1. Go through (1) within 14 Å of the ligand (Cβ to nearest atom); (2) outside any helix (DSSP H, G or I); (3) farther than 28 Å from Ala149 by Cα one by one and return the number of the condition Gly209 breaks.
2. Check segment 179-187 and report whether any residue there is closer than 24 Å to Val237 by Cα, within 13 Å of the ligand (Cβ to nearest atom) and touching a helix residue (DSSP H, G or I) at 6+ places or on another chain (Cβ under 8 Å).
3. Would you confirm whether any residue within segment 69-77 is at pLDDT 85 or above, among the acidic types (Asp, Glu) and surrounded by 14 or more Cβ atoms within 10 Å (Cβ to Cβ)?
4. Out of (1) at pLDDT below 95; (2) within 16 Å of the ligand (Cβ to nearest atom), what's the single condition that is false for Leu121?
5. Give all pairs with beta carbons closer than 7 Å in which a residue from segment 429-452 that is touching a residue at least 24 places away in the same chain (Cβ under 8 Å) meets a residue that is among the aromatic types (Phe, Trp, Tyr); count only pairs at least 6 apart in sequence or on separate chains.
6. Quick one: is Asp154 away from the ligand (no atom under 16 Å from the Cβ) and under 28 Å from Leu276 (Cα atoms)?
7. With respect to Gly127, is the statement that it is more than 16 Å from the ligand (Cβ to nearest atom) and either within 26 Å of Gln222 (Cβ to Cβ) or in a loop (DSSP other than H, G, I, E, B) (or both) true?
8. Residues in segment 268-292 that are polar (S, T, N, Q), within 13 Å of the ligand (Cβ to nearest atom) and closer than 12 Å to Val237 by Cβ: how many?
Amino acid sequence: MVLAELGGKLRDSLRKLQTGGHDVTKAQLQQILNEIARALMEADVNVKLVMTLRDKVQSKVEHLLRNEEDEEVTRRHSSNLSKTVQRAVVDELVALLSPGGDVKGAKKVYTMKRGKPNVILFLGLQGAGKTTTIAKFANYYQRRGWKTAMVCADTFRAGAFDQLKQNSTKLRVPFYGSYTEADPVIIAEKGVNQFIKERYEVIIVDTSGRHRQEEALFEEMQEIAAAVQPDNCVLVVDATQGQAVYDQALAFHNAVDVGSVIITKLDGHAKGGGALSAVSATKSPIIFLGSGEHFDDLEPFNAQSFVSKLLGFGDIRGLMDAMNSVSDGKSQEELMKKMSRGEFTLRDMYNQFSKVMNLGPMNKLMGMIPGMPDYLMPQGEESTHRLRKFMVMMDSMSNAELDGKVDLRTKYDPQVEKRIRRIAAGSGCHPNEVKMLLVVHKQFEGMVSKMGKSGMVGKNAQARQ
Ligand code: GDP
């Protein structure tokens with residue numbers, strides 16, 4: 001997971017509140033808030049932002065404390081205390097990472113339109129990971145059935161053309177570029193016009209990331225933007241730069257209308273929090289995070305989902321979005337109807353898993369499952385394997401079990417225990433693994449039920465992607 005270290009620390013701090021139960025004192029609360037603040041600063045989040053966050057959390061929970069002099073949190077309130085602190089921490093972290101919403105001057109995230117050309121201009125300094133990110137972005141949309149193409153308007157860097165072309169061949173995404181034309185504006189214009197004529201839906205334009213002089217770089221970007229009239233300008237920044245990306249992002253903003261940002265190299269970089277919060281401070285929405293060198297290492301970014309995953313609450317919303325993005329219309333519509341009533345059987349989970357398998361490595365999706373313990377969080381290909389294993393177990397279940405007519409979660413029932421052993425034997429697993437599957441399903445069902453009651457399912461299906 002991106003920022004695993006920070007997530008671990010925050011979870012540990014919040015857990016102390018839960019286990020503290022009725023005995024959480026004001027001093028302990030202070031200590032926990034300090035720990036949270038320290039963890040954020042260690043992840044390179046700007047000190048001022050951290051202090052603001054801490055003060056806001058504190059003032060939100062303050063009214064739960066009887067009075068300033070009182071050392072003990074009142075018994076009456078303390079059971080709510082951990083929930084209140086947790087909610088306040090979540091809200092403030094989300095606010096820290098959301099430039100959107102009611103923040104003054106914040107930009108709206110550009111929504112890709114199906115059946116129309118979406119011209120996306122990519123900007124970023126050389127080395128930020130722009131070329132790699134373009135390939136990932138193309139791969140992301142292509143896999144989801146969007147007609148995608150790439151244009152190379154970087155004539156400054158020798159090799160840019162070949163790098164992009166190689167990626168385009170690997171991904172089987174059409175490519176426009178020129179070895180002979182030296183004017184990037186002409187290339188961009190011709191390439192984009194050609195792909196618009198051929199009815200491409202996602203037309204990605206790569207621009208140069210370096211020039212002899214900075215002004216020349218920005219001038220060229222402006223000329224290309226004027227020529228191709230992009231629907232969205234995406235700035236690519238490197239997380240390893242930490243808080244320094246703030247100034248970088250502002251410089252690009254001042255030159256062109258940056259619509260959204262992708263932050264790369266967040267994999268294993270403990271200090272990525274600085275880049276994330278700094279970009280948000282520039283009021284541009286972050287749309288994706290780059291988390292590796294492979295084409296699949298691109299995660300859509302949503303502050304709520306990100307924080308939810310970071311704190312170990314799972315990300316059922318992200319999972320729903322992923323499922324929706326591979327949906328096949330009718331059957332998904334039926335499922336949505338069921339889900340809006342709060343129903344989600346093992347068979348529904350099976351069907352969703354099998355669809356989601358098409359999206360590539362599963363580790364990111366597995367991280368979205370609420371309640372998935374860390375030690376079960378698989379890495380890379382292993383995650384696909386784990387999901388497949390779950391499906392094999394479900395293959396060994398009866399129709400009644402899959403359709404929720406028999407409850408395998410009934411405790412201390414010898415019949416149920418026997419069935420679990422049979423399913424385990426039939427699928428070559430340990431009974432505890434079958435129980436884990438049932439726990440995962442229960443988590444899903446609980447979330448679906450909550451979402452169904454709140455009316456989130458149907459709206460959510462249309463609101464994003
Ligand atoms: P550009 O100059 O901005 O086009 O940068 P490149 O796309 O050529 O990337 C520069 C280096 O960063 C390459 O070695 C990439 O493999 C690497 N890179 C790009 N994105 C990521 C990422 O998300 N994670 C990691 N670990 N490396 C990345």
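The values are calculated or read from the model by the stated rules, or taken from the named source; none is laboratory data. All values derive from a computational prediction rather than experimental measurement. Note: ideal-geometry Cβ built from the backbone for every residue, glycine included; neighbour counts use all protein chains shown.
1. (3)
2. No, segment 179-187 contains no residue that is closer than 24 Å to Val237 by Cα, within 13 Å of the ligand (Cβ to nearest atom) and touching a helix residue (DSSP H, G or I) at 6+ places or on another chain (Cβ under 8 Å).
3. No: zero hits.
4. All conditions are met except number (1).
5. That search, which allows pairs on different chains as well, returns Leu437/Phe390; Phe444/Phe344; Glu445/Phe344; Val448/Phe344.
6. no
7. no
8. Selection size over segment 268-292: 0.
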